[in-house]
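Following: one structure in structure tokens, then a few remarks.
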Amino acid sequence: MHEYSIASEIVSNVLDAVEKNSAKKVLSVRLEIGELALLNVEQVVHWVQALFKGTMAEGAEVKVKTIKAIVQCQSCGYKGRNIPDSRDIDQHYAAFICPKCGSPEVKIEKGRECMLRKIQAVR
Ligand SMILES: [Zn+2]
């Protein structure tokens with residue numbers, strides 16, 4: 001149910017924002033989800049739409065942009081893509097090895113986020 005809790009957080013952020021801006025109806029929202037966020041994107045969208053029901057965001061379009069992961073090596077400074085097999089991602093992040101120097105000291109710079117990027121609403 002990880003997706004559900006993420007979705008309810010997104011939904012409350014959306015509703016907060018529309019309230020602050022005294023909007024009347026939400027037309028669409030845009031989310032950015034990193035490819036390493038370990039989220040089932042379809043499930044997130046499903047729950048967001050389900051939780052929008054009965055609010056002023058009911059029926060709003062939910063767009064998702066996938067953010068590609070970027071890793072940075074702490075040893076040699078290599079920065080780029082080095083994504084392990086998706087099977088390995090769940091296990092642990094030890095699967096990240098720098099392709100340049102082989103160091104396991106690799107930090108994930110980007111790709112684990114899940115955020116609300118944009119809300120389109122009418123007043
Ligand atoms: Zn390196």
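Scan the stretch 27-45 for residues that are at pLDDT 90 or above, within 10 Å of T66 (Cβ to Cβ) and outside any strand (DSSP E or B) and report the count.
Number satisfying all stated conditions: 1.
Which residues, taken from the stretch 36-60, are within 15 Å of A23 (Cβ to Cβ) and among the acidic types (D, E)?
Of everything in the stretch 36-60, just one residue is within 15 Å of A23 (Cβ to Cβ) and among the acidic types (D, E), namely E58.
Inside the stretch 1-21, can you point out the residues that are open to solvent by 80 Å² or more (accessible area, probe 1.4 Å) and farther than 16 Å from K53 by Cβ?
Within the stretch 1-21, M1, H2, E9, D16, E19, K20 qualify.
Can you spot a residue in the stretch 10-26 that is under 11 Å from the mean Cα position of the chain (by Cα) and at pLDDT 90 or above?
Taking every residue of the stretch 10-26 in turn, at least one turns out to be under 11 Å from the mean Cα position of the chain (by Cα) and at pLDDT 90 or above.
Does any residue in the stretch 36-48 that is closer than 12 Å to E113 by Cα come within less than 9 Å, Cβ to Cβ, of a residue that is of a type in the set (V, I, T) and open to solvent by 50 Å² or more (accessible area, probe 1.4 Å) six or more places away or on a different chain, and which pairs are these?
Short answer, once both residue conditions are applied: L36/I83.
The values are calculated or read from the model by the stated rules, or taken from the named source; none is laboratory data. Here the structure is a predicted model, which is why all the values come from computation and not from measurement. So basically every Cβ, Gly included, is an ideal-geometry build from the backbone, and we count neighbours across all protein chains shown. With ligands, DNA and RNA removed, areas are computed over all heavy atoms of the protein, side chains included. Shrake-Rupley method; radii C 1.70, N 1.55, O 1.52, S 1.80 Å.
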